[in-house]
1. According to the Kirkwood expression over distinct Cα-Cα pairs, how big is the hydrodynamic radius of the range 44-188, in Å?
2. I need to check one value: relative contact order of the range 87-192, counting alpha carbon pairs closer than 8 Å and at least 6 residues apart, in percent.
3. With each label point set 7 Å from Cα along the Cα-Cβ vector, what nm distance links E88 and E147?
4. Which whole-number percentage describes the relative contact order of the range 143-207, with Cα contacts under 8 Å and a sequence gap of 6 or more?
5. Go through A73, V54, A206 and say which Cα lies farthest out towards the positive end of the charge dipole of the chain; charges sit on Cβ, +1 for Lys and Arg, -1 for Asp and Glu.
6. Label A42 and A181 with points 7 Å out from Cα along Cα→Cβ: what is the distance between them in nm?
7. Report the charge-dipole magnitude of the range 123-205 in Debye, nearest 20, computed about the Cα centre from +1 at each Lys and Arg Cβ and -1 at each Asp and Glu Cβ.
8. Provide the per residue accessible area, probe 1.4 Å, for the range 63-209, rounded to a whole number of square angstrom.
Amino acid sequence: MITLYSFPASRSLRVAWTLEELGLDYACQHVNLAAGVGREGAHLARHPDGKVPVLVDGDLTLFESAAICRYLAERYGEPGGLLPASLEDRARVDQWLFFTTGELEQALWTQAKHKFALPRERRVPAVLPTAAWEFQQALEALGRRFEGEGWLVGDHFTLADLLLGHTLSWAVQFKTRLPVALEAYRQRCASRPALARAVARERAAAEPA
């Protein structure tokens, strides 16, 4: 049994989405980060920083959302599905995974940390305009490579689109206005039934027993 340790509206949603796209059977275990459960011994044994997502698949325990998604697609996906069949196109998917997490997401996460995630005494509101500018720079870099027409790699939805679509939706939650074609692309990603199932699965896991 695959077990995903998750918290709604966090990066764990990417993993649940990947699991749903692959049609895998899995248990979704809620880790109540807001109540401090992530800092308890049982979860710290899975993730020494007390974060989510964590994936347990047999003897394998993994953290870092992009790495987990990549593993699942590689191990359980059909060739040419979430990962393309050719080595070259798989490398292009990896290129986009690294760009999304390293360039786009980090600026959004800086904003999140200094708005609500860090302890109040550690937040520095003065960095928010710089982080927002940094995201716009990364968005322009994206636009020089991909304007939103079609898909990132090849002619169908891949893991690269899953991570980019999730990150762009996070940006919209931060009141970022996307170019029209890129917003249409984001909505195409967000309309996938597997994402709706993933959101529902995480919410159900978080409901009191």
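1. Numbers: mean 1/r = 0.0601 Å⁻¹.
Computed over Cα pairs of the range 44-188, the Kirkwood hydrodynamic radius comes out at 16.6 Å.
2. Computed value for the range 87-192: 30 percent relative contact order.
3. 2.4 nm
4. Details: 33 pairs, mean separation 21.8, N = 65.
Relative contact order, the range 143-207: 34 percent.
5. A206
6. Result: 5.0 nm between the two label points.
7. Values: 11 positive and 8 negative charges, 78 e Å.
That gives the range 123-205 a dipole magnitude of about 380 debye.
8. Working: 8170 Å² over 147 residues.
Ligands and nucleic acids excluded, the result is 56 Å² per residue.
The values are calculated or read from the model by the stated rules, or taken from the named source; none is laboratory data. No experiment lies behind these values; they were computed from the predicted model shown. So basically every Cβ, Gly included, is an ideal-geometry build from the backbone, and we count neighbours across all protein chains shown. To get the accessible areas, we keep the full protein, side chains included, count just its heavy atoms, and leave off ligands, DNA and RNA. Shrake-Rupley method; radii C 1.70, N 1.55, O 1.52, S 1.80 Å.
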